[in-house]
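These notes are about the structure you will find just below.
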Amino acid sequence: MFPHHREREQPIFSSRAHVFQIDPATKRNWIPASKHAVTVSFFYDANRNVYRIISVGGTKAIINCSVTPSMTFTKTSQKFGQWADSRANTVYGLGFATEQQLHQFSEKFKEVKDAARLAREKSQDKELANTALSIAAPQFSQSPPVMCVNGPEDKLFRSQSADITLSSEKERIKKMLSEGSICEMNLDTELFTLQDSNTKLVAALHEANANVEQWKKQLAAYQEETDRLREQLAEIEAHGGHGPSDLLKDELTQSLEELEALLKAKDEEIHILQNKKVEYHDMEHDRDEAIHRLRETEMRNAEMERRIQNTEQTLSNSLEERDRMESEIQRAIEILDIKIFDLNDLRQSLVKLIDK
């Protein structure tokens, strides 16, 4: 259908990638040569028996490199590869969307390099023999059709942008949900700590209440004993020399002082326990507030889950719409390819007419 075009140059493999060139100043940093992924193709010129790598961004050629047997394509990561073009004095880098695309391009680069080596050897042999035969087409002139070609980048870019926006919204909501879950975990930890402290305080309070009752009984007994001793002391003082000796009086006085000191210590312990009871009520209040915050967090989590479900549904619908648009774009690309081939055929015909 396109005889003149096929005699001139034809694509044998294409893939999409982000194109970079090495910074000529530092020879280390990469400079993007395209704003987004573009088509990178291998071409074969049957007239000159030359293989080239060509990529066009808009109206400018980003890559126009003739493949030589000395070139080597190196994989520097799972999705990135590079090769040096000594004629252009630069290094090209390609970033692919998947590891499989990088592997396919690398394998095709090796095939093209081997074919270029064979073509050079044949050319040298025929120059030595001074023959005028045309150079035969390479072994993979019957290779599979082009995998990917340039198309309406603006529509595809808008579709990818919508996909990225929805993905970003989904990630943001998931992050919010994750933060809510972390807050909920913190509240659970705080609530568990409060409940543990509450249990310990309740046990201590019960023990203190039991001790208070026991101390009250002891205090009543000590008071009775103190009153009895005071009465005996009063009787002794009233009877004068007819009562017990002064030694017994000193012993009673000492016993009375010890009992008063013990009563004072018990009063202090009772005061401390009463303060702990006040702290226990404060901790109960803190526990109620933690439970309230936990319930509010659960309600927020439920709302976030609902929003995530809605976002996922919207994302699914957008992906379906994108697939439909990509199908339409692919059909438009196929039609555009046919028009391009026709124009190239017409151009070659016009060139031949002008040459004549």
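The values are calculated or read from the model by the stated rules, or taken from the named source; none is laboratory data. From a predicted model like this one, the values you see are computed outputs, not experimental measurements. Here the Cβ is made from the backbone with ideal geometry for all residues, glycine too, and neighbour counts use every protein chain on show. Surface areas here come from the heavy atoms of the whole protein model, side chains and all, with no ligands, DNA or RNA. Shrake-Rupley method; radii C 1.70, N 1.55, O 1.52, S 1.80 Å.
Descriptive notes on the structure:
- Residues within the range 273-287 that are surrounded by 11 or more Cβ atoms within 10 Å (Cβ to Cβ) and closer than 22 Å to residue 216 by Cα, tallied: 4
- Answer from 342, 286 - the residue that is closer than 30 Å to residue 208 by Cα and not aromatic (Phe, Trp, Tyr): 286
- When residues in the range 340-356 are screened for being among the charged types (D, E, K, R) and surrounded by fewer than 10 Cβ atoms within 10 Å (Cβ to Cβ), 2 of them pass.
- Residue list for the range 32-63, filter: outside any loop (DSSP other than H, G, I, E, B) and exposed (fewer than 14 other Cβ atoms within 10 Å of the Cβ): 32, 60, 61
- In the range 92-119, the residues that are hydrophobic (A, V, I, L, M, F, W, C) and loosely packed, with under 15 Cβ neighbours inside 10 Å: 97, 118
- Among (1) closer than 17 Å to residue 21 by Cα; (2) out of contact with any helix residue (DSSP H, G or I) (no Cβ under 8 Å at 6 or more places or on another chain) - the single one residue 48 does not satisfy: (1)
- Of all the residues in the range 25-59, those that are within 30 Å of residue 117 (Cα to Cα), of a type in the set (Lys, Arg) and under 36 Å from the mean Cα position of the chain (by Cα) number 2.
- Restricting the range 67-83 to residues that are buried (at least 17 other Cβ atoms within 10 Å of the Cβ) and over 29 Å from the mean Cα position of the chain (by Cα) leaves a set whose member that is nearest to residue 45 (Cα to Cα) is 67.
- Taken together, the residues in the range 34-80 that are in contact (Cβ under 8 Å) with a residue 40 or more places away in the chain and among the small types (Gly, Ala, Ser) amount to 3.
- Close pairs from the range 5-16: first aromatic (Phe, Trp, Tyr) and in a strand (DSSP E or B), partner open to solvent by 20 Å² or more (accessible area, probe 1.4 Å) and modelled with pLDDT of 80 or more, Cβ under 7 Å, at least 6 apart: 13/108
- The single residue among 293, 324, 300 that is free of Cβ contacts under 8 Å to residues at least 40 places away in the same chain, over 30 Å from residue 211 (Cβ atoms) and part of a helix (DSSP H, G or I) turns out to be 324.
- Residue in the range 2-21 that is modelled with the lowest pLDDT, counting only those that are open to solvent by 20 Å² or more (accessible area, probe 1.4 Å) and within 30 Å of residue 76 (Cα to Cα): 10
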